[in-house]
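The values are calculated or read from the model by the stated rules, or taken from the named source; none is laboratory data. Every value quoted in this text rests on a predicted model; they were computed, and no experiment measured them. With ideal geometry, Cβ positions are generated from the backbone for all residues, glycine too; neighbour counts draw on all protein chains shown. Side chains included, ligands, DNA and RNA excluded: accessible areas come from the protein's heavy atoms. Shrake-Rupley method; radii C 1.70, N 1.55, O 1.52, S 1.80 Å.
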Amino acid sequence: MLAALAGVASVAAGIGAAELVALLTAPGASPIFASGSLAIDLAPQWLKETVIGLFGTADKIVIIGSVVLGAALIAALAGVLENARPPWGRVLIGALGVLTLVAALTRPGADYLAVLPPAAAVTVALPVLRALLNRLHALPHHVLPSGPRTVRRSSSEELEGIDRRRFLVASGLAAGLGILAAVGGQLASASIRTVEAARRAFSLPKPAIAAASPESGNTFDIPGLSPLVTPNADFYRIDTALLVPSVDPESWKLRIYGLVETEVELSFKELLALSLEESYTTLACVSNYVGGDLIGNALWLGYPIRKLLAQAGPLAGADMVLSRSVDGFTASTPLEVLTDDRNAILAVGMNGEPLPPEHGFPVRMVVPGLFGYVSATKWVTELKVTRFADETAYWTERGWAQRGPVKLSSRIDTPATSSRLRAGQVVIAGVAWAQHTGISRVQLRVDDGAWQEADLAQAISADTWRQWMTTWNATAGHHKLTVRAFDANGIAQIEKPGDVVPDGATGLHSVFVDVN
Ligand SMILES: Nc1nc2c(c(=O)[nH]1)N[C@H]1C(S)=C(S)[C@@H](COP(=O)(O)O)O[C@H]1N2
Ligand SMILES: [Mo]
């Protein structure tokens with residue numbers, strides 16, 4: 001019995017570890033989920049029908065229950081086997097691991113990460129089983145007392161009692177932690193899978209107002225230059241979420257409340273039924289250092305926030321909207337920015353796709369002209385109309401400014417710093433941005449020479465970055481190339497280097513090259 005308990009406890013610990021690893025790496029490869037799915041795939045039709053007939057919609061619970069029960073029986077057998085005939089118990093656990101590996105790898109869309117959860121299961125279960133059985137063997141089963149029997153026997157019985165208790169505590173701990181991790185992991189990864197399925201099942205509605213596609217005049221075709229539109233897979237990601245929040249669009253709701261005449265509530269269906277608009281907006285992070293890559297440009301699809309706020313009717317005195325995400329993140333956006341005529345939207349689409357989960361699925365905010373931390377709330381569920389004097393947002397509480405308008409800035413994309421170049425004509429190119437104001441000029445300087453005018457691609461709009469390029473007749477030696485931009489009002493980029501805290505870096509981007 002005790003050996004069987006050791007087997008069950010060690011397998012429970014292994015499955016718990018595997019569920020946690022699955023959650024972080026490959027939710028589809030959760031041993032419980034994958035084995036259950038494999039069981040469904042392999043079960044004959046009559047059995048499926050019987051189970052559904054008997055249990056109806058509770059069939060999933062019956063299947064998971066059966067998988068868990070099956071694993072427990074095999075685990076108990078493994079404990080007994082390992083106790084009597086090592087290493088056969090461990091071999092049996094290894095076989096169980098291989099079975100879950102097969103289950104994980106045969107799930108649709110499985111990749112090599114699916115190897116990790118079964119590997120974690122076996123890596124934890126085997127040593128735990130050995131450790132528990134070692135404790136079990138330390139129990140004085142066949143004590144043959146010699147000398148004064150009464151005294152000896154009582155002390156050895158006491159010892160046996162203590163050792164037995166230790167074994168039971170260790171087994172209980174292994175099993176308990178394992179079950180806790182498995183249940184937690186299952187629940188979390190089940191919700192991730194639900195959301196992934198919902199995202200796959202949903203196709204973006206057609207925009208009522210479509211954005212014009214960029215034309216050839218909007219871009220330069222130069223190797224090394226950032227593409228005008230950043231692909232989703234390359235788009236920078238910044239958030240405080242350890243695990244990407246899973247928000248089921250079925251239950252998603254936005255609530256607009258606070259200093260408003262009427263509260264507004266909106267479901268995902270209702271949002272999609274509104275006339276959605278497309279717009280290109282360049283999103284940037286306040287933590288982007290000069291020359292950094294925490295910036296990207298995308299085609300967003302969404303609904304103007306000003307129209308929803310108009311429905312709610314902000315009251316006099318309100319000057320801020322505190323947006324809140326399901327994960328507790330908040331951003332403070334000036335009310336005026338969300339009520340003027342710019343494309344401040346509740347976005348559902350990014351570059352023609354539903355928002356990727358890590359970029360805020362199902363709904364996020366996108367606001368031209370402000371850094372992300374004060375405007376671009378992902379997984380957004382609340383807009384509270386309030387006052388800067390009354391509330392502070394997540395990053396403001398951590399030393400960043402209450403308000404974060406983007407700063408005019410520019411970057412050299414090519415040549416990369418420390419490049420070795422041949423003397424002669426060299427193409428230099430990059431991007432410049434001053435969202436919602438626009439860029440009017442970009443200039444390049446070689447070493448301490450005069451500023452030279454660069455060519456600008458046509459801007460999509462004032463809300464997006466603008467590509468620039470120039471050529472340079474490179475001469476031998478070590479050189480410093482520096483870029484600066486002017487916004488649409490003719491204001492030059494601040495040259496004095498300034499830290500990213502509290503409201504964004506200043507200074508000019510330079511790259512160093514060696515020409516020979
Ligand atoms: N829920 C939530 N939304 C968030 C954040 C966050 O931490 N949590 N970070 C913000 C910051 S600082 C930035 S720069 C942008 C980044 O958006 P992205 O990850 O889609 O590029 O999201 C904003 N929205
Ligand atoms: Mo950010």
Cross-link list Lys253/Lys378; Lys206/Lys253; Lys60/Lys269: which exceed 18 angstrom alpha carbon to alpha carbon?
Lys206/Lys253; Lys60/Lys269
Heavy-atom accessible area order for Trp465, Trp472, largest first, 1.4 Å probe:
Trp472, Trp465
Mean Cβ count within 10 Å, highest first, over the residues of peptides 367-380, 213-226, 6-19
6-19, 367-380, 213-226
Among Ile32, Pro356, Thr330, flag the residue with its Cα farthest along the positive direction of the charge dipole of the chain, charges on Cβ as +1 for Lys/Arg and -1 for Asp/Glu.
Ile32
Return the FRET efficiency for the residue pair Val62, Val169: r is the Cβ-Cβ distance, R0 is 30 Å, and the value is rounded to the nearest 0.05.
0.35
For the chain, longest principal axis from Cα atoms; helix 116-137 axis from its Cα atoms; angle between them, nearest 10 degrees, is 30
With the dipole of the stretch 2-197 worked out from charges on the C-beta (+1 for Lys and Arg, -1 for Asp and Glu) around the Cα centre, which of Gly53, Leu92, Ala182 lies farthest toward the positive end?
Leu92
At 7 Å along Cα-to-Cβ for each site, give me the label-to-label distance between Gln311 and Ser203 in nm.
2.6
Could you compute how much accessible surface Met469 exposes when probed at 1.4 Å, giving the result in Å² to the nearest 10?
40
For His137 and Ala450 in one chain, what is 0.36 nm times their gap in residues minus the Cα-Cα distance, to one decimal in nm?
104.3 nm
Suppose R0 equals 30 Å. What FRET efficiency, 1/(1 + (r/R0)^6) with r the Cβ-Cβ distance, do Phe512 and Arg237 give to the nearest 0.05?
0.55
Between the alpha-carbon centers of the stretch 362-433 and the stretch 265-332, tell me the distance in whole angstrom.
14
Fully extended, how many nm does the chain gain between Glu358 and Leu105 (0.36 nm per residue separation, minus their Cα-Cα distance)?
88.6 nm
Spin-label proximity, Ala211 to the stretch 461-495 - amide N less than 13 Å from point 7 Å beyond Cα toward beta carbon:
461-466
Largest first, what is the accessible-area ranking of Lys206, Lys269 with a 1.4 Å probe?
Lys206, Lys269
Express the carbon and sulfur contribution to the solvent-accessible surface of the chain as a percent, rounded to the nearest whole number, probe 1.4 angstrom.
60
Dipole of the stretch 2-197, Cα-centred, from +1 at each Lys and Arg C-beta and -1 at each Asp and Glu C-beta, to the nearest 20 debye?
660
Over the chain, what is the relative contact order in percent, taking alpha-carbon pairs closer than 8 angstrom and at least six residues apart?
13
Between Lys269 and Ser191, what's the calculated FRET efficiency when r is the beta-carbon distance and R0 is 30 Å? Round to 0.05.
0.90
